[in-house]
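Written out below as structure tokens is the structure these notes cover.
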Amino acid sequence: MNISQLKVLVAIAQCGSFSDAALQLEMSQSSVSRAIASLENELDVPLLVRGRLGAKLTDVGERVIAHAQKILDLRESIEYEVNIEKALYNSRLRIASFRSAATHLLPPKIAQFQRAYPRVDVSLTEFDPAGVEQALLSGDADLGLLPLPRSEDFITWEIARDEYVVLLPKAKHPAIAPITWGELSTHSFILLNYAECTTAVREHWSRWQQPLKVAYNVREDSTIVSLVAQGLGAAILPRLAAMPIPDTAEGPSMP
């Protein structure tokens, strides 16, 4: 008894004839007949009754085919598991991400993934959001973490939400709750160069028709946090970009 014979038996039962089963299995009718004859000889019982109207299972054939279908289902499950393993064996997952997400969101997820799939080689490269997009479009990354919304060129899923926080030097300017745009306009701000969050802050500031005084433009968000802690200005950043917030800087959420 083998898998091919059981497939033929199930196909005949489903199709109702040897000829239709042969078409479904892409076999010759004689090959289908030989498979059933060999199976019946081995089991020493008739499994099918042949007639002018096709083929019908015998009583014992009905009982046998129930087990045959289970065997075929289990074989399919085995093939599924093996194919997953083959696909993951010596494969790789290339991730591109902007810094704050790479720092605070990805490490536990990568660790969890590698425990489940230890044979997958995972790489992580940090870019600004535009660089992440380019890596995805060029095929240099398989998965990218980006602030939303993005271009329709990508399939996107929201995996986390971040909030903006105001960073004020604690020593010189205790935070007022709730803080207002009027209060914020009295501070000089440290901005993050070439960042989407800075564009969002400028646009929001413009809508409130308040003056924005810029003290510094810097490239790294960690530098901004250090400058605020030293009393050299205020900042508005996504919370993930501001973490960890030192005790010398206060960080109330934006209204």
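The values are calculated or read from the model by the stated rules, or taken from the named source; none is laboratory data. As the structure is a prediction and not an experimental result, all values here were calculated from the model. A quick note on method: Cβ atoms are made from the backbone with ideal geometry, for glycine too, and the neighbour counts reach across all protein chains shown. We work out accessible area using only protein heavy atoms, side chains counted, and drop any ligands, DNA or RNA first. Shrake-Rupley method; radii C 1.70, N 1.55, O 1.52, S 1.80 Å.
Taking 25 Å as R0, compute the FRET efficiency from the Cβ-Cβ separation of residue 80 and residue 53 and round it to 0.05. Provide the component values of the computation, followed by the final result.
Values: r = 37 Å, r/R0 = 1.47.
Efficiency computed from Cβ-Cβ geometry: 0.10.
Packing-wise, with mean Cβ within 10 Å as the measure, how do 90-98, 104-112 rank, highest first? It would help to have the intermediate numbers written out before the result.
Working: 90-98: 17.6, 104-112: 13.1.
The densest-packed peptide leads the list: 90-98, 104-112.
By how many degrees, 0 to 90 and rounded to 10, does the Cα axis of helix 3-15 deviate from the longest principal axis of the chain?
Result, in degrees: 80.
Note down the Stokes-Einstein diffusion coefficient of the chain in µm²/s, whole number, using a Kirkwood radius over alpha carbon pairs, 25 °C, and 0.890 mPa s. Kindly include the intermediate steps, with their values, before the conclusion.
Details: Rh = 24.1 Å.
Value of D from the Cα-based Kirkwood radius: 102 µm²/s.
Could you work out how far apart the two model spin labels at residue 208 and residue 66 are, taking each label as a point 7 Å from the Cα in the direction of the beta carbon, and quote it in nm?
7.2
Considering only the other residues whose Cβ falls under 13 Å of the Cβ of residue 94, what net charge follows from Lys and Arg at +1 and Asp and Glu at -1? The partial results should precede the final answer.
Values: positive: 92; negative: 121, 126, 140, 142.
Around residue 94, the charge tally is -3.
Suppose each label sits 7 Å from its Cα in the direction of the beta carbon; what would the residue 43-residue 159 distance come out to in nanometres?
5.0
Can you order the peptides 148-160, 42-54, 180-192 by their average number of other Cβ atoms within 10 Å per residue, highest first? The partial results should precede the final answer.
On the way: 148-160: 9.4, 42-54: 12.3, 180-192: 16.6.
The peptides rank, most packed first, as 180-192, 42-54, 148-160.
Please determine, in degrees from 0 to 90 and to the nearest 10, the orientation of helix 196-207 with respect to the longest principal axis defined by the Cα atoms of the chain, where the helix direction is its Cα long axis.
60
For the chain, what is the accessible area per residue in Å² when the probe is 1.4 Å? It would help to have the intermediate numbers written out before the result.
Numbers: 15880 Å² over 255 residues.
In whole numbers, the chain has 62 Å² accessible per residue.
So how many Lys-Lys pairs in the chain land under 26 Å Cα to Cα, not counting same-chain pairs under 8 apart?
On the way: 7/56; 7/70; 7/86; 56/70; 70/86; 86/109; 170/213; 172/213.
Step by step, the pairs that qualify in the chain add up to 8.
For Cα pairs less than 8 Å apart in space and 6+ apart in sequence, what is the mean separation divided by the residue count of region 38-180, i.e. the relative contact order in percent?
Working: 115 pairs, mean separation 26.3, N = 143.
Rounded, it is 18 percent for region 38-180.
Extending each Cα 7 Å along its Cβ direction at residue 112 and residue 19, get the distance between those two points in nm, one decimal.
If labels sit at residue 112 and residue 19, their model points lie 5.7 nm apart.
Tell me the mean residue ellipticity at 222 nm calculated for the chain from its helices only (DSSP H runs of n ≥ 4, each -39500 (n - 2.57), averaged over every residue, nearest 500). Numbers along the way, then the final one.
On the way: 11 runs with 121 residues, N = 255.
Dividing the helical sum by the residues of the chain leaves -14500 deg cm²/dmol.
Rounded to the nearest 10 Å², what accessible area does residue 89 have for a 1.4 Å probe in the complete protein model?
120
Measure nothing fancy, just the Cα-based angle from helix 59-88's long axis to the longest principal axis of the chain, in degrees from 0 to 90, nearest 10.
Orientation of helix 59-88: about 30 degrees from the principal axis.
Estimate the FRET efficiency between residue 128 and residue 152 by the formula 1/(1 + (r/R0)^6), using the beta-carbon distance for r and 22 Å for R0, to the nearest 0.05. Show your work: numbers first, answer last.
Details: r = 20 Å, r/R0 = 0.93.
It comes out at approximately 0.60.
With a sphere of radius 14 Å drawn around the Cβ of residue 45, what net charge do the other residues whose Cβ falls strictly inside it have (Lys, Arg +1; Asp, Glu -1)?
On the way: positive: 63; negative: 40, 42, 44, 59, 62.
Taking every Cβ under 14 Å from that of residue 45, the sum is -4.
How high is the relative contact order of the chain? Use alpha-carbon pairs under 8 Å, at least six apart in sequence, and give a whole percent. Show your work: numbers first, answer last.
On the way: 332 pairs, mean separation 40.0, N = 255.
So the answer I get is 16 percent.
For residue 181 and residue 31 in one chain, what is 0.36 nm times their gap in residues minus the Cα-Cα distance, to one decimal in nm? Show your work: numbers first, answer last.
Details: separation 150, 0.36 × 150 = 54.00 nm, distance 8.27 nm.
So the chain would gain 45.7 nm between residue 181 and residue 31.
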